[in-house]
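Please read the structure below before turning to the comments.
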Amino acid sequence: MDNRAIGVFDSGLGGLTAVRRMHEIMPNETIIYFGDTGRVPYGTRGRDTIIKYTRQDVKFLLGHDLKAILVACNTVSAVALDLVNAEVPVPMFGVVEPAAERAVRTTKNGKIGVIGTAATIRSGVYERRLHKADPAFEVSAQVCPLFVPLVENGRVKRGDVVIETVVREYLTPLRDKGVDTLILGCTHYPLLREVIGDFMGDGVTLIDSGAIAAETLKTAVNPAEGPGGTRYFVSDDPTSFAQLASLFLQEDVADQAGLVEISAY
Ligand code: DGL
C-alpha cells in the first residue's frame, strides 16, 4: 500500500480523460492534476519547447509527495517522456505505449489509423511501435491540428457543423483506407468520440489513449488505501476551469483550480 499521490499532467484539459478513468477504477488514489492551460497547445511546438515545458510541469508536480506521474498527453509522451523520465526520482508512465498495445490486440484487418497533434505524428512513435509488433500492419497517420482548439472551446457535440466539417476533412482518408481501429492519439480527442464514431462507422474501434493508460497505471502502482481525491492546478484562468473540466470528467468539479506560475519552475 502506498498513499502518496499520483501526479497527472497535460498541456490543457485533455489529460482529464485519463483522470476520468482513474476516478472510475482507482477511486482510492489521491491525484494532483496540472493542466498547462496558459501554454496549450503543445502539439504545434518544436521539440525543445515541448521538453522545456515538460521539465517545468514535472518539477511543479514533484513539489507534492508523489509515487508516480502519468503523462496524460500524447505529445509529451512521444517527444519528451524518455528523456525526462531518466531525470526524475519517480516512475513516469506515458499514453503512447498502452494505446499502441491495445490497437495491436484490437485490429482484425491489420489496418490501423492514428490521429494526433503535429508533434506526435511527426515523431513517428506510433508507426514504430505498431510496426515493431507486426511489420505488415498498414498504419495511416493523420495530423488533426484544429481538434485541440475546438475541444478546448467546447465545440464537441453532434450536430455542431464546425466540428463535423473538420472531422470529415481529416478523417476521410482514413475511412477510405478501411482502417478497423483508430487510435485517438491525443487525450483531447475522446471528447469527439461521438462525432468521430458517427463518421467512421460502427466497424471501427476507437482507442482512447488516456483511459487505457489509466488502466495500465493501475496495474503498475502500489495502490492507496483512500479516501482519495483530486486537486486541480492550471496555469491560466482557473475560473473557467470547473465548467470545461466537468465536460471532460463527466462529473461536477466543485473546487476551483489552483493557479500556478509555471514559467517560474
Ligand atoms: N492532449 C495533448 C495530447 O495528447 C496535446 C494537445 C496539445 O497541446 O496540442 O497530445
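Quick look at the numbers
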read-out: Rounded to 10°, Cα long-axis angle of helix 96-106 versus longest principal axis of the chain; value: 40 degrees
read-out: Given charges at Cβ of Lys, Arg, Asp, Glu: region 82-128 dipole, positive-most of P89, A103, T117; value: A103
read-out: Förster radius 22 Å - calculated FRET efficiency between D255 and N222, Cβ distance, rounded to 0.05; value: 0.25
read-out: Mean residue ellipticity (222 nm) of the chain, computed from DSSP H runs ≥ 4 via -39,500 (n - 2.57), nearest 500; value: -12500 deg cm²/dmol
read-out: More than 19 Å apart - percent of Cα-Cα pairs taken over region 1-107; value: 42 percent
read-out: Cα pair distances of region 111-176 binned at 5 Å [whole percent]; value: 3, 16, 23, 21, 17, 10, 6, 3
read-out: Relative packing of 25-34, 92-101, which averages over residues the other C-beta atoms within 10 Å, highest first; value: 92-101, 25-34
read-out: Sequence-distant residues sharing a close amide H with A72 (under 5 Å, placed H); value: F9
read-out: Residue-wise HN-Hα coupling along region 74-85, computed from phi with Karplus coefficients 6.51, -1.76, 1.60 (Hz; x: Gly, Pro); value: 5, 4, 5, 4, 6, 9, 10, 4, 4, 4, 6, 4
read-out: Dipole magnitude of region 1-94 about its Cα centre (Cβ charges: Lys, Arg +1; Asp, Glu -1), debye to nearest 20; value: 220 debye
read-out: Inverse of mean 1/r across different Cα pairs in the chain, Kirkwood, Å; value: 18.3 Å
read-out: Dipole magnitude of region 97-255, debye to nearest 20 (Cβ charges: Lys/Arg +1, Asp/Glu -1, about Cα centre); value: 560 debye
read-out: Per-peptide average of other Cβ atoms within 10 Å, ordering 230-241, 169-180, 4-15 highest first; value: 4-15, 230-241, 169-180
read-out: Tensor-based shape of region 53-164 (alpha-carbon gyration tensor, a/c under 1.5 rounded, otherwise prolate or oblate); value: oblate
read-out: Mean Cβ count within 10 Å, highest first, over the residues of peptides 55-62, 188-195, 247-254; value: 188-195, 55-62, 247-254
read-out: Rg ratio (alpha-carbon, reference 2.2 N^0.38 Å) - region 119-265; value: 1.21
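Bear in mind that the values in this text are calculations on the coordinates, not laboratory data. All figures in this text were calculated on a predicted structure; none of them were measured in a lab. Cβ sites come from the backbone with ideal geometry, for glycine too, and all protein chains shown count toward neighbours.
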